[in-house]
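Data first, discussion second: the structure below is written as structure tokens.
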Amino acid sequence: MPGPVTDPRPDTAPDAEPDAGPDAGPTPTVVSVILVVVVLGFAFEPGVVLPRPAAVPMLLLQLATCLPSTRRLRGAWTLAAQILLAPWSGLPGFLGASVLLVVERPLRWALFTVVVLAAGLLAPGDGGVHSVLNGIGNALAHGLIIYALTRLTDLYTELRATRGALAEALVAAERERAGRSLDAVLGTALAEITRLAGQGTGAARELVAVARMATERVRAAPPAQSADEVGIPSAAMTPRVVWPIVVATHLEYLVVGTAFLLDTGVPGGWVVAYTAALAAVLGLQAYHSLPRPPGVRPPYAAWTLGVQLALALGVLAAPDGPYPQLVAFAVASVLIVLPGRTAWPAAGALTALAAIAVLIRTDGPAAGGTALLLLDVVVIASVFYGLALLTALLHRVREARAALASLSVARERRRIARDVHDLLGYGLSAIALKGELAARDPDRERAAAHLADAAALADRALADLRAIPGDGPDLTLSGEVAAAREVLAAAGIAVRVRGEADTVDGVSEALFATVLREAVTNVLRHAAGARRCEVDLGPGLLRVADDGRVLPVPARAEGTEAGADGVGGNGLGNLGERVAALGGFLEAGPAPHGRGYVLTVRLESARSALVSPSG
């Protein structure tokens, strides 16, 4: 019999939820704020909301289309309203985003292209190349970015809301797999026992051998399996939509910025220098913005961020006028690359530095123009930081779903293995005992009765086996007490029961029934020469004691797991987990007088529940 165990509760409960770390990111409300900030920034960036009243309903419709809380309003009517408002709102990019979100494939991208090209014709300005390209570029960038952020926000919200669905599906698959495996191994053995029991005493020895072999399989710890072995999908880093949008928006800024430089009449040499600086800053920004797992910095980030900052700040001192938009990309990179405590102060300092550089120049814009430039800095930084943040959050929530699924499958496998050990070990030990009695008994009638009992026990064990992959068999304490009396009496062990099963509350009953079954199994297997077994029942208390000589448990084969006592089976470890899950204590060890073994379970919560408030 295994050695003593006292209060085997682990530091971490076996059925605890996974660490909230992967899923402890911002709530959907906080994630939605990122989207709102970007949409508002796009609306105010060209200064269209105040001078154009149609921009206000356009903005409200866009928020209703994008936010998860109002997503149910998204549909043909919101799109139709935005189509009517688009020519007078100055926000064609909003219409482009709504087309991508509402229209089904394959028309969405064709209609989006129409909206973007129409934005060039409706763009304010002199109708020159720069104004047309600026209108097309803004509509393209705004539409793609709002679409990407909305899709990421929707997916983030859906993943959080359904993070248990993957776990449930994989647990169901694990139960089905376990059912097939158990039926193939133990179900076949139990069916063979039933067949041998029907062949009479001549097959009794073979029946005992089959029961012993099945018992060893039951008592062995299940092999460990990795997440890949149970079919848990790995967490994809990001949806495919993010990659092309990051590239497309950076190319758009490059084209529009180059057109602006050409339209301002800057000397040719400076145009080449500014364009090179613009291309380098945008290229480095795209490099920093590419989706990566949370906490993973781009390789050589210190160098790439340093070069980007140097170029962006250097252009502020350009002889033909400052270009603070490049600082916006550097601010976005700072927020993406640096840790949070450093990133936000650094981003604020860069924005303030850009404002000072613009204001102190005599050829710079006035205060109102500077404010719009700084708003542009904030919007651009928010856009690319929002894309990077939502992509990282999406990765984290997918990892959390996979972790929850992995833990749930491992917990279910552990539960099935524990139930197989605790619930079938008793039946198989009793079958082996009945087979030995049948083989030894010279009275054919009594031997036949023992074999009939073995067949009945095999049928019961088979029913338990097939119930285990589901919610497990329903055990009653009174039924287990009666079964303990019968099987121990057949082994020549007198049973004395003190207390009634009716005094045990419903919470404790299933646990006590399982513990009693395992305790009886241990008496049959490990208590040599036992003649007496005592069972004490009461509120929150189960005690099983025998007077047998404790037999050593054979050491496990190399490469298998040890039980709670460090040498053999898993019985006491399993029971300890069950008891700890209900906040109880398990004590097991040799009897105080030196002969026999005592197993005690105490559930203080069950005891206190029977005490009335008045005492």
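The stretch 462-535 and the stretch 322-395 have Cα centres spaced 71 Å apart.
What's the extension gain from GLU104 to ARG205 if we count 0.36 nm per residue and subtract their Cα-Cα distance?
Numbers: separation 101, 0.36 × 101 = 36.36 nm, distance 7.12 nm.
29.2 nm is the gain from fully extending GLU104 to ARG205.
Annotation for ALA301 and ASP474: the two label points, set 7 Å from Cα along the Cα-Cβ direction, are 5.7 nm apart.
Fewest-first ordering of TYR287, TYR385 by other beta carbons within 10 Å of each residue's beta carbon gives TYR287, TYR385.
Computed about its Cα centre, the charge dipole of the stretch 477-541 is approximately 440 debye, with only Lys, Arg, Asp and Glu carrying charge at their Cβ.
Once the Cα-Cα distance is subtracted from the 0.36 nm per residue extended length, the ASP263 to ARG496 segment shows a gain of 73.7 nm. Distances over 23 Å make up what percent of all Cα-Cα pairs in the stretch 396-521? Tail fraction, whole percent: 44.
Rg then Dmax, both in Å and based on the Cα atoms of the stretch 298-412: 19.0, 72. Length gained on full extension, TRP243 to ILE360: 38.2 nm, using 0.36 nm per residue less the C-alpha separation. Where Lys and Arg each count +1 and Asp and Glu each count -1, what net charge lies around GLU534 among other residues with Cβ under 13 Å from its Cβ? Taking every Cβ under 13 Å from that of GLU534, the sum is +3.
All of the numbers you see were taken from the coordinates with simple rules; none came from a lab. The shown structure was predicted, so the numbers you read here are calculated from the model rather than taken from an experiment. Methodologically, a virtual Cβ is constructed for each residue, glycine included, from the backbone with ideal geometry; neighbour enumeration extends over all protein chains shown.
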